[in-house]
1. Mind listing just one residue for me: the one in the range 216-233 that is open to solvent by 10 Å² or more (accessible area, probe 1.4 Å) and in contact with a Ser or Thr (Cβ under 9 Å, 6 or more places away or on another chain) and, of those, modelled with the highest pLDDT?
2. Can you tell which of L31, L51, L55, L39 is open to solvent by less than 60 Å² (accessible area, probe 1.4 Å), more than 28 Å from the chain's Cα centre (by Cα) and not charged (D, E, K, R)?
3. Tell me which of these R154 doesn't satisfy, since it passes every other one: (1) in contact (Cβ under 8 Å) with a residue 60 or more places away in the chain; (2) not in a helix (DSSP H, G or I).
4. Return yes when G234 is touching a Gly at 6+ places or on another chain (Cβ under 7 Å) and not basic (K, R) and no when it is not.
5. When you check N61 against the structure, is it outside any helix (DSSP H, G or I), out of contact with any Ser or Thr (no Cβ under 6 Å at 6 or more places or on another chain) and either at pLDDT below 80 or more than 23 Å from I149 (Cβ to Cβ) (or both), yes or no?
Amino acid sequence: MNSSLNVQASLLKPHIPRHFTLVLVSCFVLLGLCVLASLVLGSRPVSFQELINGLTSPDANSYEANVVRKRIPRTVFSLFCGAALGVSGALMQAVTRNPIADPSILGVNTGASLFVVCGVAFLNINTASQYIWFALAGAMITAIFVFGIGSMGRGGATPLKLVLAGAATSAALSSLVIAVMIPRSYVMDQFRFWQVGSVGAGSWSSVSTFIPFLVVGLLIGILSASALNALALGDEAAAGLGVRTGFLRLAAAFGGVLLCGAATALAGPIGFVGLLSTHIIRLMIGPDLRYVIPMSAISGAIILTISDVCGRLVGSPGELEVGVVTAFIGAPILIILAMKAKVRSL
């Protein structure tokens, strides 16, 4: 009882985590290095002087200047998508009290993919603004379905049941995606590159389309952080502290799905970023979601941007899609977490 009260006090009272300032400064330094690497590294490396010329001379028509200008929106888009996926992972883990929850693991990405491919096949959608609404609808319906399936039976929505429901749903929806694509070659041509997950097509248009969804999702995450801390103590304890648990879960889940669906619509189904970013931050600063959620945005941006740079270097003179890189890194880490983590609850 006393330990429960101590946990409650530590989660709810204003308290800056240990080493938070050091972690924050380190993350911003690393973020700056990632941005620099994204601008100068690739199939055609750019020198520091060429980078300066490309940034400061808008009229420069050299190859290097054009390369730099092309990489700027791609880098910004990568940062935004990484931040969205990081916060989405933090919110989904908090709502489900599942330490290995992630949009890709719970099948949300696959649901967004199915709705996008159906929109391409049956309604001829072909713009980012159209993709985003179909992806959001698919992500939300899938999230509701997975949570409903995971809540059935004794014990309600346990973490293990949610993961199993998400894996089964993802497998079924993946089969539907293939069934829709196979008889329609034009859909396959349009969908196959998007399906891998890439930020290579990032442009100022996709950035501007993404910003409203990113802002709303981040605000929901930050505003719900304190109440989610209370939810970590259990529904009864949270209700005793005045938290409307049903509304909180609905709002936080909406924020997570909004961020994940928007990122998936514009960049494709990129997995494991939300899982990795949140666990890294939680290991460094502890479980307080008032700090974990905003810091997950920074770590998610770092992970996705550096993965994009690694994909360019490994695949040179072409590039390896960032979704492949994050899956290559994230899959073994997921196995380790599943083996060592207490999967019962956060």
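The values are calculated or read from the model by the stated rules, or taken from the named source; none is laboratory data. These numbers were taken from a predicted model, which means no experiment stands behind them. We place every Cβ from the backbone using ideal geometry, glycine too, and count neighbours over all the protein chains shown. Side chains included, ligands, DNA and RNA excluded: accessible areas come from the protein's heavy atoms. Shrake-Rupley method; radii C 1.70, N 1.55, O 1.52, S 1.80 Å.
1. A227
2. On the way: L31 fails: more than 28 Å from the chain's Cα centre (by Cα); L55 fails: open to solvent by less than 60 Å² (accessible area, probe 1.4 Å); L39 fails: more than 28 Å from the chain's Cα centre (by Cα).
Unique residue meeting the criteria: L51.
3. Failed condition: (1).
4. Working: touching a Gly at 6+ places or on another chain (Cβ under 7 Å): no; not basic (K, R): yes.
No, not satisfied.
5. Numbers: outside any helix (DSSP H, G or I): yes; out of contact with any Ser or Thr (no Cβ under 6 Å at 6 or more places or on another chain): yes; either at pLDDT below 80 or more than 23 Å from I149 (Cβ to Cβ) (or both): yes.
For N61, the condition - outside any helix (DSSP H, G or I), out of contact with any Ser or Thr (no Cβ under 6 Å at 6 or more places or on another chain) and either at pLDDT below 80 or more than 23 Å from I149 (Cβ to Cβ) (or both) - is met.
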